[in-house]
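Enquirer: Below is one structure. I have some questions about it.
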Amino acid sequence: MATIIEQVSQVLEGQIPEPYELVDLEYAKLGGDMVLSVFVDKPGGITVEDTADLTDLISPLLDTIQPDPFPEKYFLEVSSPGLERPLKTSEAMQAAVGSYIHVSLYQAIDKKKQIEGDLLAFDGEILQLEYMDKTRTKQVEIPYKLVSKARLAVKF
């Protein structure tokens, strides 16, 4: 059986108009309430008006899912993925070339399971990352299949 996230993803697929992009979905308990978070972005970022318009678009689409996948009352939250936006697809990774990113790995490379650095290149198979190891700049090649999670990061 498809999860709530999978069902919502299928319903929203192709329904979010350009220039918006569906970045991520989360369904989790926040405080005492269940919240469906829909993260949407566009070049230049999204505004409060954008989130209101998208909520008006998304809410009726969710009501079309039969049978109702939500076991209890929930709140819909449409928001920006923020500065540390997740990179969940190879297309998102490709678009992030030149950016500072955080990568978590399934298996350690250079004795590290988490690396933050500048994404120099990505060919669909291998990420080339430049990072600081104490005081030295190093480059590492990371097979994309070893990446468990990746996101944009803020450099301090």
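Enquirer: Within the range 68-93, list the residues whose amide N lies under 15 Å from a label point set 7 Å along Cα→Cβ of ASP56.
Expert: Those under the cut-off are none; the list is empty.
Enquirer: Using a simple spin-label model with points 7 Å from Cα along the Cα→Cβ vector, what separation in nm is obtained for ASP68 and ALA95?
Expert: Rounded to a tenth, the inter-label distance reads 3.4 nm.
Enquirer: Excluding GLN107 itself, calculate the net charge of residues whose Cβ lies under 15 Å from the Cβ of GLN107, where each Lys or Arg counts +1 and each Asp or Glu counts -1.
Expert: Residues close to GLN107 contribute a combined charge of +3.
Enquirer: Using Cα Rg over 2.2 N^0.38 Å as the read-out, say which of (i) 1.11; (ii) 0.93; (iii) 1.20 was calculated from these coordinates.
Expert: This structure yields the entry labelled (iii).
Enquirer: Related question: I'd like the FRET efficiency for LYS113 and GLN139, computed as 1/(1 + (r/R0)^6) with the beta carbon distance as r and R0 of 22 Å, rounded to 0.05.
Expert: It comes out at approximately 0.75.
Enquirer: Whose amide H sits under 5 Å from the amide H of LEU87, counting only residues 5 or more places off or on another chain, with H placed in the peptide plane?
Expert: Correct list: ALA150, ARG151, LEU152.
Enquirer: Another one. So what is the relative contact order of the range 4-79, in percent, for Cα pairs below 8 Å that sit 6 or more residues apart?
Expert: Relative contact order for the range 4-79 comes out at 37 percent.
Enquirer: Moving to a separate point now. Compute the acute angle (0 to 90°) between the alpha-carbon long axis of helix 48-62 and the principal axis of greatest extent of the alpha-carbon atoms of the chain; round to the nearest 10°.
Expert: Rounded to the nearest ten degrees, it is 60.
Enquirer: Once phi is turned into ³J(HN,Hα) by the Karplus curve 6.51 cos²θ - 1.76 cosθ + 1.60 with θ = phi - 60°, what whole-Hz value does each residue of the range 71-77 show in order, with x for glycine and proline?
Expert: Each residue's phi maps through the Karplus curve to give x, 8, 4, 9, 10, 9, 10 Hz.
Enquirer: Less than 24 Å apart at the alpha-carbon level, and either on another chain or at least 8 residues along: which lysines does that give for LYS29?
Expert: Here the lysines satisfying the reach criterion relative to LYS29 are LYS73, LYS88, LYS149.
Laboratory data are not the source of any read-out in this text; all were calculated from the coordinates shown. Everything numeric here is computed off the predicted structure, so don't read it as measured data. A quick note on method: Cβ atoms are made from the backbone with ideal geometry, for glycine too, and the neighbour counts reach across all protein chains shown.
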